[in-house]
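Reading through the structure tokens given below for one structure.
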Amino acid sequence: MKTRSPRLVIVSARAPFVRTGSGIVRAPGGLISALLPLMRRSRGTWIATGADREACDTSELPFRVRALALPSEIRSAWYAGASNGALWPLSHGFGEVCRFRAEQARAYFEVCRAAADAAAEYALPGGVVWVHDYQLALVPALLRARRPDLTIGFFWHIPWPASDSLRVLPWASELIEGVLGADLVGLHVPRYVRAFRDALDELGIAYVNDGESIVVPRGARHTRIEAWPIGVDVDGWASLGRDETVAAEAARITADLGGGRVLLSVDRMDYAKGIVERLEAFERLLEQNAEARERVTLVQIGVPSRETVPAYRELRQRIEATVGRIQGRFGGPRRKPVHLFARTFDSTELAAYYLAADAAIVTPKRDGMNLVAFEYVATRPRPNGRLLLSTTAGAADVLTEAHLVNPYDEEGLTSAIEDVALAPETASDIARMAALQARVSQLSVETWASGFLARLEQVTEERVPVRAQ
Ligand code: ADQ
């Protein structure tokens, strides 16, 4: 589907560019790579609320990036407080981690207002604005109030919170009303759309079921809530996977790790990713299985994340302590069972690890989707290797041929890791990986972005009479 969207306005916490030691570079991640070509074509404006202003000089580019000037205490209360100290744990089912503070909620409202003001200023009459994620969920309604002429899309990239969890959010109804300002609300999988419906029931907001999507009447218009599973830059990862230099680097990694079986995990260091629990499961495997002690190595690539939030600083210490303990118990002068890298890798380095890995261990405790699972599959030139994936990740609803595991089941997790690490490859493994590759190819991030925008325009054009239940 092609979208017309001239002068598209994107609103997100992150900017498409970041400043690093080697200058200003494109921010990592598939979402940015999918949206940049769209922005170039539409010559629009990218509004970033959490961005480094100096990295946003785009005078050379055919579109603008506007980093909002926000006082640092407001930015911190919005980002580390309301967004990552409340909404993130709430949505991932970590109620005990949530902190609800009035001044952080005020900051959240203020940042959303500032983002809505900026979008209202830059959007063309009748234009299209696409707002991203839980940090900016009030923007759709605030923007709608300022500019009723606009077409507004919203994508929530994390699980939609269970209604019991949402009950404890002091501003739950403002959150939902904020999101319902959009014409089209995207969530990754139908399971999250059902959770959204539960929230509507809970708040007594009328809706109509339309197949797997929901339609909420809002005066003269309506909001549609639908599942739009995201994907990755399939061609980019596949071409890295076919690159001879990357393959040579992968062979070197395997040899450096001793030539045994290589397990790989790649995550932001986040408690929702289940990194400590995975390391503990691997430790149990080493306790129980002599072959694993000799031949299996776990590589954990973990980029430090959100270190202004206390729960994240503590997590990093726990991860390092657990790796140290495993090393102390099972390591030797020529054998290191776990390798931890706490830094950002570029995509070429990541691709070499994806190629070198006999299995990807993707076992978050909860995850909206999880792009690492897709990247591992997309990079492989042949249908070999195994993907171990949590049932609690959105990706499990899409990548159904993966080896699925409940990350909360301690023994189950250990034996699933044992199976993907040591069981001999069978025809069924190859068939599973081939099916996964076909699925991942269908779900490229470019298709996701252009499909969502085309659907957004269609939704605003459809004038189906909607009656409330
Ligand atoms: P994240 O929680 O960030 O995204 P994920 O989907 O796994 O989780 O994406 C992480 C990205 O960061 C991947 O592209 C990965 O390659 C990259 N990455 C991780 N560690 C890295 C490292 N050390 N160096 C370089 N790159 C690294 C949120 C939601 C997810 C949802 C996405 C997209 O939490 O559930 O899939 O948005 O909607």
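The values are calculated or read from the model by the stated rules, or taken from the named source; none is laboratory data. Just so you know, these numbers come straight off a predicted model, no measurement behind them. FYI the Cβ positions are ideal-geometry reconstructions off the backbone, even for glycines, and counts take in every protein chain you see.
Answer with yes or no whether residue 281 is in a helix (DSSP H, G or I) and closer than 22 Å to residue 336 by Cβ. So residue 281 fits the description; yes. Here residue 236 meets the list (1) over 22 Å from residue 448 (Cβ atoms); (2) at pLDDT below 95; (3) in a helix (DSSP H, G or I) almost entirely, failing just condition (1).
Looking at the structure I just gave you, is residue 275 closer than 30 Å to residue 312 by Cα and either touching a His at 6+ places or on another chain (Cβ under 8 Å) or in contact (Cβ under 8 Å) with a residue 40 or more places away in the chain (or both)? Considered against the rule, which asks whether it is closer than 30 Å to residue 312 by Cα and either touching a His at 6+ places or on another chain (Cβ under 8 Å) or in contact (Cβ under 8 Å) with a residue 40 or more places away in the chain (or both), residue 275 comes out as yes.
Would you check which residues across segment 92-126 are within 24 Å of residue 43 (Cα to Cα), surrounded by 15 or more Cβ atoms within 10 Å (Cβ to Cβ) and small (Gly, Ala, Ser) and list them? 114, 115, 116, 118, 119, 120, 123, listed by residue number. Filtered by the rule that a residue be in a strand (DSSP E or B), loosely packed, with under 15 Cβ neighbours inside 10 Å and out of contact with any helix residue (DSSP H, G or I) (no Cβ under 8 Å at 6 or more places or on another chain), segment 174-222 gives a lone residue, 210. Scanning segment 320-339 for residues that are buried (at least 21 other Cβ atoms within 10 Å of the Cβ) and within 16 Å of the ligand (Cβ to nearest atom) turns up 323, 338. Exactly one residue among 343, 366 is more than 18 Å from residue 444 (Cβ to Cβ), surrounded by fewer than 18 Cβ atoms within 10 Å (Cβ to Cβ) and either within 9 Å of the ligand (Cβ to nearest atom) or not aromatic (Phe, Trp, Tyr) (or both), and that residue is 343. Among residues of segment 173-191 that are under 15 Å from residue 152 (Cα atoms), those with a beta-carbon under 7 Å from a residue that is polar (S, T, N, Q) and assigned to a helix (DSSP H, G or I) at least six positions away or on a different chain give the pairs 183/460. Checking each residue in segment 242-278 for being of a type in the set (Gly, Ala, Ser), more than 16 Å from the ligand (Cβ to nearest atom) and outside any helix (DSSP H, G or I) picks out 258, 259, 260. Elements of the type strands (runs of 3 or more DSSP E) sitting completely within segment 14-113 and holding at least 3 residues that are modelled with pLDDT of 80 or more: these cover 45-48, 64-67.
Flag: residue 350 does not match the condition of being touching a helix residue (DSSP H, G or I) at 6+ places or on another chain (Cβ under 6 Å) and within 30 Å of residue 27 (Cβ to Cβ). Summed over segment 423-455, the residues that are in contact with an Asp or Glu (Cβ under 6 Å, 6 or more places away or on another chain) and either farther than 26 Å from residue 381 by Cβ or modelled with pLDDT of 95 or more (or both) give a count of 3. Only one entry in 230, 225 is over 26 Å from residue 344 (Cβ atoms), surrounded by 22 or more Cβ atoms within 10 Å (Cβ to Cβ) and not polar (S, T, N, Q), namely 225. Within segment 100-120, being farther than 17 Å from residue 183 by Cβ and in contact with a Lys or Arg (Cβ under 9 Å, 6 or more places away or on another chain) holds for 107, 111, 117, 118.
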